1. Placing unit charges on C-beta atoms (Lys and Arg positive, Asp and Glu negative, everything else neutral), compute the dipole magnitude of the chain about its Cα centre in debye, rounded to 20.
2. Report the relative contact order of the chain, percent, no decimals, based on alpha-carbon pairs under 8 angstrom and at least 6 residues apart.
3. What do you get for the angle between helix 344-356 and the principal long axis of the chain? Use alpha-carbon atoms, 0 to 90 degrees, nearest ten.
4. Taking only C-alpha pairs under 8 Å that are 6+ residues apart, what is the relative contact order of the range 185-255 in percent?
5. Note the angle between two axes, namely the Cα long axis of helix 22-34 and the longest principal axis of the Cα atoms of the chain, as a number of degrees from 0 to 90, rounded to the nearest 10.
6. Quick one: length gained pulling residue 72 to residue 167 fully straight, 0.36 nm per residue minus the C-alpha distance?
7. Treating the angle as unsigned and between 0 and 90°, give the value, to the nearest 10°, between the Cα long axis of helix 113-123 and the longest Cα principal axis of the chain.
8. Going 7 Å from the Cα of residue 36 along its beta-carbon direction, which residues of the range 70-92 have the amide nitrogen within less than 16 Å of the resulting point?
Amino acid sequence: MGNARVAGIDRGVCVVTGGAGFIGTATSAALADTFRRVVAVDNLHPQVHESRERPAGLDHRVELVQADVTEAATWDQLLSTTRPDVIVHLAAETGTGQSLSESTRHASVNVVGTTQMLDALVRHDALPSRIVLTSSRAVYGEGAWRTDDGAVIYPAQRTRASLDGGEWDVPGAQPLPMSAATTFPAPVSVYGATKLAQENILRAWANSLGVAPVVVRLQNVYGPGQSLSNPYTGIMSLFCRMARAGRSIPLYEDGQVRRDFVLISDVARAVHAAATIAQPPLETVDIGSGEHQTIARAAELIAEHYGAPMPHVTGQFREGDVRHAWADVTTAAEVLGWRPEFSLREGVEQLSTWIDAQEHIPEL
Ligand SMILES: NC(=O)c1ccc[n+]([C@@H]2O[C@H](COP(=O)([O-])OP(=O)(O)OC[C@H]3O[C@@H](n4cnc5c(N)ncnc54)[C@H](O)[C@@H]3O)[C@@H](O)[C@H]2O)c1
């Protein structure tokens, strides 16, 4: 079958790096419905894939190439037989806290993994029409805040001394939603810095060579399918496992940290839209749930669901964490025709049902 051009994009071959991960697996069926061939390039990293096996949820039509995106040979081998029309670049190290102690690992996969891919596409004269990058809200750091007298400020990174002293918030100011159109990126974690580097590298390269770069910045993604063995990501899964075990969930800082938890099926729709929409958006697109919650509220919902004791505040904190984060999703509606569909309560139901059905739940 030849490549068909439908609605502005070439529906031939889609390569998905990190395609066996949480978001890649959730998006795999929709991509396989759209493209003639979908090839996932994933090294089945042991921190994410405890058994190092093909995930059960990865659509059977997806060809899985087990390989490392940071190695030039991965790309030389792939591109000698495969000419991607669209690339969805998901492969990454994703641990915000871990990136402080393993910054080389994060830089290597997130930055060098991206540049190896781009160099190989040029070397093999195999430029796709578009590359979708899943960036992160981590690029914003603490984001923009509005002071009581109306000025917009960018608070400095919270220091260890201020956190040790329990100074969690910015006095006299309120956080604003994160929007690529108005919020200046200022990462406060190594992970966030590598995601911003990915964005900048991709845009510079793609715009120069006539490839469309589509950058989506995701808030906290959660839901069925997220690795239960990775101790560095997945706060909602962790909370569910704690509550399921009858424990009271410990809350960092004062429990009033705000996050935007967006359900995996909503994110999969957004990534699919970014890969297939006829007119690739020029704007960076923020993806979130359209609402924000305190961590305390999210934990209470989970505790109520499992009949566990109520969460408790510990006053501990994690370096590299920001105080508040949520997205303005109006651009996503305008340029991708995408809107979030699920509330946190519905998402918690789905996540807990999935966890309860797992044969193997790693020890806490
Ligand atoms: N999950 C979230 O909350 C979230 C939020 C913002 C952004 N993102 C971004 O979305 C993307 C996907 O995240 P996810 O939640 O699916 O993470 P994930 O860890 O489940 O998936 C990442 C996949 O990449 C693979 N991988 C890691 N290093 C690799 C390498 N060197 N070569 C090949 N494959 C490699 C892993 O095996 C894994 O399957 C990442 O780029 C991440 O930065 C995720």
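What follows draws every value from the coordinates through simple rules; no lab data is involved. Not measured: the values here are computed from a predicted model. Backbone-built Cβ (ideal geometry, glycine too); neighbour counts: all protein chains shown.
1. 560 debye
2. Averaging sequence separation for qualifying contacts and normalising by length gives 18 percent for the chain.
3. Helix 344-356 sits at roughly 70 degrees to that axis.
4. This gives 14 percent for the range 185-255.
5. 40 degrees
6. Net length gain for the segment: 29.6 nm.
7. Approximately 20 degrees, to the nearest 10.
8. Once the point is set 7 Å along Cα→Cβ of residue 36, 81-87 turn out to lie under 16 Å by backbone N, inside the range 70-92.
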